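K.L.:
The structure under discussion is supplied below as structure tokens; questions concerning it will follow.
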Amino acid sequence: MFHRVFFNVIQVVTTMLFAPLVSGVVSRLKEIVQSKRGPSIFQPYRDIWKQFHKDEVIPEQSSWIFRFTPYLVFVTPIFVTLLIPVLTDYPLFFAFMGDMLGGGFVLSLGGFFAALAAVDTGNPYGPVGASRTRMVGFLAEPVFMVVFFTVSFTAGSTIPYIVQQHWVTPLANFFEPSHVLLMLAFLMLILAEGGRIPVDNPAGHFELAMIDESKSLEYSGCSFALVKWGGHMKMFVLLCIFLNVLVTPWGLAHEQAFGAVLLAIPFLLFKILCFVVVLVVIESSLSKLRLFRIAEFLGAAFVTSVAAMISRLFAS
Amino acid sequence: MTDPNVIIWLHNLNALTGGLFLLVLFGLVSVRQVGGCVRLFIALSLLLAASAFLLSAIYHTWHLSVVGVVDIATKVIAIPLLLRRVLPDEVYTRREVAQVLNIPTALLTALLLAIVAYLLSKPLMAVGDGIAIGVNLPIGLSGLLIGGLTAAVRREAVPLFLGLLAMENSAFFAGIGVAPEMPLIAEVSIAFDVLILVFVVGVLTRAVHEHIGTTEVGTLTALKEEPER
């Protein structure tokens, strides 16, 4: 009992500690691909540290939503971390508090308040970015639902800890067409939700083209640090769901021992590093889509996920 | 007899090939560039060949591996080369291909067709007794419908024609699952038929291009007094 609570806390700490590192590695690798040196991989930590020590400016017209949102954006990924397998392959203390649908709702709650806060500031670019994020969000929603229902239909459960066992026992299950198509659809979903390149350019600083970044334009100081850190953690959580539940459920701690759980951390980081390399290849070889092409991109993701569903439903 | 575990693996890989086949078909409806369409068609033919090889391992018939080899020789190598040589470069450099339906609508229609194909093939599966029929028949059938859709929505000669070729590919995809003992002569003769067909259509497209300066056959329905140069 005590163990499970403790391990859950370790998962949360892991997410908080290593999430900025993942973002740092992504941007460093992208710079290396472009033959530049790039910032240190610890730059996101320094940014967050610097922002925490700065004073804060708050728009006069803004309401409580603007001040409340950074905490929500920071806390929601932590809540999801309690529900998903980050380090262990057996359910922990809070695992049955909510299923994958619950996790999705909690994550989108943060996104919803971020959009509200962007409108709240009165900055003209905030609402533009917020409405674009909502557009990407509602196009991504059907994909998420179909992926979710197919996964839970296949595994007979909506708890991520149980789902991950299904794909690898026996190993031949890994090559089921529905599984491979689901992985593809979820990869496209991560690119869209994480604001990565075919949908949004995370490194862009041109306000008219921004999607994800413009929501935090008005934040400064402590709130900005929280929003940034929350964004890193959201990406980390999405990667954990993708890698630990759908793609590579290996390398997670199997015994209820302290050492085994700690040993799972380097395995997890290694898996994320492998995925980050794939992500950098995708980001460096594609260009950003025009805004109204995003519907086509996510339409393709939707078709992929439905193809996964029908090849599962009608399998004899 | 082979180990049943190996059979399960091969069957799963065949199912995976089928899933990717379906995905590539969706791509064929929605890709904008002509070059992309040709590459997707090559991928489609490669997947068909892979499925033929896997089924030949499952059923222990050498017929199907010959089908795979002939498929690679004609559709992966000969047809793309022929299309490259016969058609003017302008077709490949143009960025976007005109469509009758916009792309999300076309994709969703293709999706509906795939679901219809799965529903239609449910009663048909009782015909054969092979284990691969559950994968190959519905996917081949949806390929037939989606290829037809591609031919209907494209206004450009080459993608339109590739839709027809995709129909032929899908018919074979279903065929090797339903009748693995199909006489070899059927496949070989059809393969060469298709090759000649590509040649004829390529020459025709070239003639259209020389005459009206474009290969957008969708615009041919309007009358013209004078060919624009």
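K.L.:
Read phi for every residue in the range A:249-262 and hand back ³J(HN,Hα) as whole Hz from Karplus 6.51 cos²θ - 1.76 cosθ + 1.60, θ = phi - 60°, with x for Gly and Pro.
P.N.:
x, 9, x, 8, 5, 9, 8, 8, 10, 4, x, 5, 5, 5
K.L.:
How far is the Cα center of the range A:101-176 from the Cα center of the range A:22-81, in Å?
P.N.:
Taking the Cα centre of each part, the range A:101-176 and the range A:22-81 sit 21 Å apart.
K.L.:
Taking the Cα centre as origin and putting +1 on Lys and Arg beta-carbons and -1 on Asp and Glu beta-carbons, what dipole magnitude results for the range B:65-150, to the nearest 20 debye?
P.N.:
Computed charge dipole of the range B:65-150: roughly 100 debye.
K.L.:
On average, how many beta carbons from a partner chain sit within 10 Å of the beta carbon of a residue in A:167-175?
P.N.:
3
K.L.:
What is the magnitude of the charge dipole of the protein assembly as shown about its Cα centre, with +1 placed on the Cβ of each Lys and Arg, -1 on the Cβ of each Asp and Glu, and no other charges, expressed in debye to the nearest 20?
P.N.:
In debye, rounded to 20, the protein assembly as shown gives about 840.
K.L.:
Using 0.36 nm per residue, how much length does the chain from A:Val75 to A:Gln61 gain when fully extended, once their Cα-Cα distance is taken away?
P.N.:
Gain on stretching A:Val75 to A:Gln61: 2.5 nm.
K.L.:
Continuing with the same structure: Treating the angle as unsigned and between 0 and 90°, give the value, to the nearest 10°, between the Cα long axis of helix B:34-59 and the longest Cα principal axis of chain B.
P.N.:
20
K.L.:
Can you classify the range A:271-316 as rounded, prolate or oblate using the Cα gyration tensor, where a ≥ b ≥ c are the square roots of its eigenvalues, rounded means a/c under 1.5, and otherwise it's prolate if a/b beats b/c and oblate if not?
P.N.:
oblate
K.L.:
Can I ask one more? Taking the highest mean first, how do the peptides A:142-154, B:79-91 order by number of other beta carbon atoms within 10 angstrom per residue?
P.N.:
A:142-154, B:79-91
K.L.:
Hey, rough spin-label estimate for B:Ile185 and B:Ile8, points 7 angstrom out along Cα→Cβ, what's it come to in nanometres?
P.N.:
Calculated label separation equals 4.2 nm.
K.L.:
Continuing with this model, one more query. If you plug each phi of the range B:198-204 into the Karplus form 6.51 cos²θ - 1.76 cosθ + 1.60 with θ = phi - 60°, what whole-Hz ³J(HN,Hα) values come out, in order, with x for Gly and Pro?
P.N.:
Residue by residue, the range B:198-204 yields 4, 4, 4, 5, x, 5, 4 Hz.
K.L.:
Same structure, new question: State the answer as a single residue: which of B:Gly147, B:Met182, B:Leu195 lies farthest towards the positive end of the charge dipole of the range B:94-203, with beta carbon charges of +1 for Lys and Arg and -1 for Asp and Glu, about the Cα centre.
P.N.:
The listed residue farthest towards the positive side: B:Gly147.
K.L.:
Compute the convex hull volume of the Cα atoms of the range A:193-316, divide it by the residue count, and report the result per residue in Å³ as a whole number.
P.N.:
Hull volume over Cα atoms, normalised by residue count, gives 161 Å³.
K.L.:
With charges set only on the Cβ (+1 for Lys and Arg, -1 for Asp and Glu), what does the dipole of chain A come to about its Cα centre, in debye to the nearest 20?
P.N.:
Approximately 480 debye in magnitude.
K.L.:
To continue, here is another question. Here is the link list: A:Lys54/A:Lys271; A:Lys288/B:Lys75; A:Lys215/A:Lys271; A:Lys36/A:Lys228; A:Lys30/A:Lys271. Which ones come out longer than 28 Å on Cα distance?
P.N.:
Checking Cα-Cα distances, A:Lys54/A:Lys271; A:Lys288/B:Lys75; A:Lys215/A:Lys271 exceed 28 Å.
K.L.:
On average, how many beta carbons from a partner chain sit within 10 Å of the beta carbon of a residue in A:306-314?
P.N.:
Across A:306-314, the average partner-chain Cβ count within 10 Å equals 6.
K.L.:
Further question: Defining a contact as two alpha carbons under 8 Å apart and six or more residues distant in sequence, what relative contact order in percent does chain B show?
P.N.:
25
K.L.:
Given the convex hull over the Cα atoms of the protein assembly as shown, what projected area results after averaging over all orientations, in nm²?
P.N.:
29.9
K.L.:
Next up: Taking H as built 1.01 Å from N, whose amide H comes closer than 5 Å to the amide H of A:Thr88, not counting residues under 5 places away?
P.N.:
Distant-sequence amide H within range of A:Thr88: A:Ala253.
K.L.:
Something else about it: For peptide B:3-10, what's the mean number of Cβ atoms from other chains within 10 Å of each residue's Cβ?
P.N.:
1
K.L.:
Search the structure for amide H atoms under 5 Å from the amide H of A:Asp99, placed 1.01 Å from N in the peptide plane, and list their residues when 5 or more places away or on another chain.
P.N.:
Residues meeting the amide H criterion: none.
K.L.:
Taking the Cβ of each residue in A:Thr81, B:Thr93 as the centre, tally the other Cβ atoms inside 10 Å and list the residues starting with the fewest.
P.N.:
By the 10 Å Cβ count, ascending: B:Thr93, A:Thr81.
The numbers here are math on the coordinates, done by the rules we state, and not lab data. Nothing here was measured: the structure is a model prediction, and the numbers come from that model. Glycine also receives a Cβ, built like all others from the backbone with ideal geometry; neighbour counts cover every protein chain displayed.
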